[in-house]
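Worksheet: one structure, shown below.
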Amino acid sequence: MVKIGLALGGGGARGLAHIGVIKQLHKSGIKFHCIAGTSAGAIVGAIYASSRDPDIIEEKLLIMLRSKEFRSIKLDYIRGKKAEKDSVFESVRRHFFTGMFFASSITRLSFVKDPTYRSLINMLIDDVLIETLPIKFSAIAVDILNGMVLKIEKGALREAIMASSAIPGVLPAVQKDNMLLVDGSFIDTVPVRHARQLGADIVIAVDVSSPLDIIKTPSRGIDLIWRSNAILRHIAKEEQLRDADIVIRPSLDGLEWTDFGRYSDMIKQGFHAAELQINKLSGLIDVKEQRGLYAANR
């Protein structure tokens, strides 16, 4: 049987589109051998790897979004202006020197406190070990101390998701052994190669990151520095996606990384984008199965 892997990228609230993608693939009878996720993709992927039910993903996220803990963190405070199509990291950078966010950044390691973040993750993620999940799973994080990418494939699922989703300066980093782990999408935006390493014959990559749009001429040196960093991350992402067999890019124009209230729009766009790829995916599966049968009969 052909082993299908799913690589789910980061993008904040835009990652809610992953739910729609999984709903469509699940409806079409696609069974996953493995899932690799980073940041928002790790959250959605972990819930599905645990439950194998896309409706449960949506149910859990709605409970979290309506909770007093989520409302208390006020992520809208660091969102970009409507005219700015910022990525998560660009938006954080843009608001670093403003009011409350700046104050929190110089007095503690994160805007959101650890107990609040942990409570939110506990609403979403079951208290289980990764190695017990019915679908192979890998969460991608980055050790901020040595700059290395870490794939977390065993141990507590909740801790892995906290690490993979810890936006630097916004959500608390996770200490593990001698490492300090943060959001994996900072380096590995869509973890295609990790899905391949889990044994996938076909990798479906889902990219929900903000596009690299043309901008006006920067007026400050700091803007040039951050623009250069955004370009490097974009190039790295596109290189990662070249190794995928299918790339799904939901149409998320006008939807920002903090637009959690528009979860319905995100899910619909994910569902539609995946629907457009079903025929191509079915053809790839047929080709892989025929090649496997031919090789077995030689």
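The values are calculated or read from the model by the stated rules, or taken from the named source; none is laboratory data. Note that the coordinates shown come from a computational prediction; the quantities given were computed from them, not determined experimentally. Heads up, the Cβs are rebuilt from the backbone with ideal geometry, glycines too, and the neighbour counts pull from every protein chain shown. Protein only, heavy atoms only, side chains kept; ligands, DNA and RNA dropped before computing areas. Shrake-Rupley method; radii C 1.70, N 1.55, O 1.52, S 1.80 Å.
Some observations on this one:
- When SER72, SER51 are checked against the criterion of being of a type in the set (S, T, N, Q), modelled with pLDDT of 95 or more and more than 20 Å from GLY184 (Cβ to Cβ), SER51 stands alone in meeting it.
- One residue stands out among those in segment 261-294 that are modelled with pLDDT under 95 and of a type in the set (Phe, Trp, Tyr): the one that is surrounded by the fewest Cβ atoms within 10 Å (Cβ to Cβ), which is TYR294.
Quick grid of which residues meet (1) open to solvent by 40 Å² or more (accessible area, probe 1.4 Å); (2) on the phi < 0 side of the Ramachandran plot; (3) not in a loop (DSSP other than H, G, I, E, B):
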site	(1), (2), (3)
PRO115	yes, yes, yes
ASN122	yes, yes, yes
PRO134	yes, yes, no
PHE137	no, yes, yes
ILE140	no, yes, yes
ASN146	yes, yes, no
LYS154	yes, yes, no
ARG158	yes, yes, yes
ALA166	no, yes, no
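- Condition check for MET162 on (1) under 23 Å from LEU16 (Cα atoms); (2) in a helix (DSSP H, G or I); (3) open to solvent by 10 Å² or more (accessible area, probe 1.4 Å): one failure, at (3).
- Exactly one residue among GLN197, GLN240 is at pLDDT 95 or above and not β-branched (Val, Ile, Thr), and that residue is GLN197.
- Any hit, segment 104-112, residues being at pLDDT 85 or above and in contact with a strand residue (DSSP E or B) (Cβ under 9 Å, 6 or more places away or on another chain): no
- Hey, ASN297 at pLDDT 95 or above, farther than 21 Å from GLY15 by Cβ, surrounded by fewer than 18 Cβ atoms within 10 Å (Cβ to Cβ) and not aliphatic (A, V, I, L, M) or not: no
- Within segment 231-252, residues that are touching a residue at least 12 places away in the same chain (Cβ under 8 Å) sit with their Cβ atoms under 7 Å from residues that are surrounded by fewer than 14 Cβ atoms within 10 Å (Cβ to Cβ), at 6+ positions apart or across chains, in these pairs: ILE246/LYS280.
- Of the criteria (1) within 30 Å of HIS272 (Cα to Cα); (2) modelled with pLDDT of 95 or more, which one PHE186 fails: (2)
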